[in-house]
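What follows is a short report on a single structure.
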Amino acid sequence: MEEEDQQNPQQRSYWSRWSKHDFFPEPTFQNLSSYKDALSHTPSRLKDRLLHRSSDSFELLQLPKQSENPMKRCLTWWDLVWLGFGSVVGSGIFVITGEATRDYAGPSIVLSYAISGFSALLSVLCYTEFAVEIPVAGGSFSYLRIELGDFVAFIAAGNILLEALLGSAGLGRSWSSYFASMFRTDDTDFLRIRVKSLPDGFNLLDPIAVVVLLVANSIAMSGTRRTSVLNWIASIASAFIIVFIIIVGFVRGNTANLTPFFPEGAEGCFKAAAIVFWSYTGFDMVANMAEEAKKPSRDIPVGLIGSMSLITVVYCLMALALSMMQKYTEIDRDAAYSVAFEAIGMDWAKYLVSICALKGMTTSLLVGSMGQARYTTQIARAHMIPPWFALVHPKTGTPIYATVMVTLVSAVVALFTSLDVLSSVFSFSTLCIFMFVAIALLVRRYYVKDATPRNDLVKFLICLFVIIGSSIGVTVLWNADKRGWIWYVVFGVIWLLGTLWMAFLPKHRVPKVWGVPLVPWLPALSIGINVFLIGSLGYVAFLRFLICTAVMVAYYLLVGVHATYDVAHPIEQDSKTEEGNQSAS
């Protein structure tokens, strides 16, 4: 019976996939003996995976078959623009602005948002070229798998999942804070349950955040088109409220609150820029919807670039309005805008702002759930996690299993973990992924397997090393409190020469439809800014990131490398399995 199910998977009910073969169909995991044999070959398999690169056609044509049922192409550029707006606005401006303004930047939070917005726009350009040519659900995972290989893609995939879990959890807790602020502004934690036996940062249980996550993700599972329509209707309504917030902030605000503009110096401004980068995350969710876009070559550039340009302007204006309404030392960390309106005597407006914030965070959860599930789906299609999560429901056209996994884990994280703990890890993961995508774009333009001469490849790698190395050099100088201009000029000139040399190298691939302009300058600048922002996050964020990455590498060595190796070498593995079965008999 099990063999028949394996041969005719599409004849089985979507809800009856609970056998061991559904989760671990690879020969390595057939029995304990086969797994021990696979572990003994870990070095050779790891080498194979490190050198392996996927292809556009494989990601586009072969991997989607693992889902058995296709996702429905039902999204237009209008849907994607508002998906971008709905996923981004609310996920940060209402969530992290208060903490970043009060603790780090003060009124210079405006510049922090401008810096992060510029960096995000560079990343958007890199994403857009990939998404147009490779319109699949995997987003950055697929792009890195093609250009930088399986191992780098897996590290990115692990961070993608980490980003998804922490981002959803952070939104859930912020939703709870804003909801509480509608009743009590003096204590936005009063709806949470304090557990004294747990350490600080994990001792305020938040059941409301769990409920919100479960409801939002349930809606997202019901269908892509339905969720999209709900999102853009709600987002248009919230856009009017955002205009109201900006106008009131400028009319009722006090410019005296803008001094001192840099209370923590330039360091505080850059530190805040790294943290508020969270506010721009979500645009990659639009790239994940490429598999469901009707005309990816037209819809994706409009959706990504159009929405991000608008959002950057909106964020800067909203941050300036907040800084004018209230002194930065008095801004509430969790529900900044609601408390600010109460401070200027507009108590009724705080309810309107809170409703807008709750709506923004709800649509961010909806769109985020859609994108996160599609990331997970593509990762599962590659067998880096069990392919059971890649299955798409035949009626809804959505990956329900993947959505459920992300929902449940993020709900557990949201129940225990405070916002400040979540934000630093989240920003680190996001910035690393965006840096990898910029590197992958340069690799895509300058290196084509079996076509690029070895000489050109060596020159390209030297240039890439110079760009990354000089970016790290500037970051180290800044974090070491070295403010003399000489060394900054030295590293700046090195970065400039490395990029200029790369610009004179021959490109071995030309974009078919839409390409990033000014290559290699814009991707190289994206690398530099992302490295600098990563360096501004601090020691604790590095430590948390390294611990999480170590866990991912351990999983890859024990499971991922063997599953993907089996998929890449099916004939060899089938032969070994038959030999093992004959020996057992």
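Coordinate-derived values only; no laboratory data. Predicted model only: the values in this text are computed from it and were never measured. FYI the Cβ positions are ideal-geometry reconstructions off the backbone, even for glycines, and counts take in every protein chain you see.
Sum -39500 (n - 2.57) across every DSSP H segment of at least 4 residues in the chain, then divide by the residue count to get the 222 nm mean residue ellipticity, nearest 500.
Mean residue ellipticity at 222 nm (helix-derived): -21500 deg cm²/dmol.
Once the convex hull of the alpha carbons of the range 218-259 is built, what does its volume come to per residue, in cubic angstrom?
In the range 218-259, the Cα convex hull volume per residue is 90 Å³.
Normalising by the residue count of the chain, find the relative contact order in percent from Cα pairs under 8 Å and 6+ residues apart. Please list the in-between numbers first.
On the way: 996 pairs, mean separation 161.8, N = 585.
Worked out over the chain, it gives 28 percent.
By its C-alpha gyration tensor, with a ≥ b ≥ c as the square roots of the eigenvalues, how is the range 165-269 shaped: rounded for a/c under 1.5, else prolate for a/b larger than b/c, else oblate?
On the way: a/c = 2.03, a/b = 1.15, b/c = 1.77.
Because a/c hits 1.5 or more and a/b fails to exceed b/c, the range 165-269 counts as oblate.
Among the listed pairs Lys47/Lys459; Lys72/Lys507; Lys294/Lys395; Lys196/Lys327, which are separated by more than 27 Å between their Cα atoms?
Values: Lys47/Lys459 24 Å; Lys72/Lys507 36 Å; Lys294/Lys395 19 Å; Lys196/Lys327 33 Å.
Violating the 27 Å limit, Cα to Cα: Lys72/Lys507; Lys196/Lys327.
Taking chymotrypsin sites (Phe, Trp or Tyr not before Pro) that fall in a DSSP loop and have at most 15 other Cβ atoms within 10 Å as cut points, what is the longest piece of the chain between them?
Details: sites that count: Trp18, Phe183, Phe190, Phe202, Phe261.
The reported range is 262-585.
Give me the distance in nm between label points sitting 7 Å out from Cα along the Cα-to-Cβ direction at Leu497 and Leu205, one decimal.
Placing both labels 7 Å beyond Cα along the Cβ direction yields 6.1 nm.
If you place +1 on the Cβ of every Lys and Arg, -1 on the Cβ of every Asp and Glu, and leave all else neutral, what size is the dipole of the chain about its Cα centre, to the nearest 20 Debye?
On the way: 44 positive and 44 negative charges, 191 e Å.
Computed charge dipole of the chain: roughly 920 debye.
How much net charge surrounds Ala349 when only other residues with a Cβ under 11 Å from its Cβ are counted (Lys, Arg +1; Asp, Glu -1)? It would help to have the intermediate numbers written out before the result.
Working: positive: Arg252, Lys350; negative: Glu342, Asp347.
Charge balance near Ala349 sits at 0.
Please compute the modelled spin-label separation between Ile472 and Ser40, points set 7 Å along Cα→Cβ, answer in nm with one decimal.
Label-label distance for Ser40 and Ile472, simple model: 3.8 nm.
Tell me which trypsin sites (Lys or Arg not before Pro) from the range 242-349 have a DSSP coil assignment and no more than 14 other beta carbons within 10 Å of their own. Please list the in-between numbers first.
Working: sites: Arg252, Lys271, Lys294, Arg298, Lys327, Arg333; in loops: Lys294, Lys327, Arg333.
Of the trypsin sites (Lys or Arg not before Pro), the ones in loops of the range 242-349 whose Cβ has at most 14 other Cβ atoms within 10 Å are Lys294.
Please report the spacing between the Cα centers of the range 32-110 and the range 205-267 in Å, no decimals.
23
For the range 115-123, what does the Karplus curve 6.51 cos²θ - 1.76 cosθ + 1.60, with θ = phi - 60°, yield as ³J(HN,Hα) per residue in whole Hz, taken in order and with x for Gly and Pro?
These are the phi-based 3J(HN,Hα) values: 5, 5, x, 5, 4, 5, 5, 4, 5 Hz.
Across 20 Å bins from 0, what is the distribution of all Cα-Cα pair distances for the chain, in whole percents?
Here the calculated profile for the chain is 21, 53, 24, 2, 0.
Could you work out how much longer the chain between Lys196 and Trp348 gets when fully extended? Use 0.36 nm per residue separation minus the Cα distance between them, nm to one decimal.
Details: separation 152, 0.36 × 152 = 54.72 nm, distance 3.56 nm.
Roughly 51.2 nm would be gained on extension.
Compute the signed sum of charges (Lys and Arg +1, Asp and Glu -1) over the other residues within less than 15 Å, Cβ to Cβ, of Leu125. Please report the intermediate quantities before stating the final value.
Numbers: positive: Arg444, Arg445; negative: Glu129, Glu133, Asp284.
Local charge sum for Leu125: -1.
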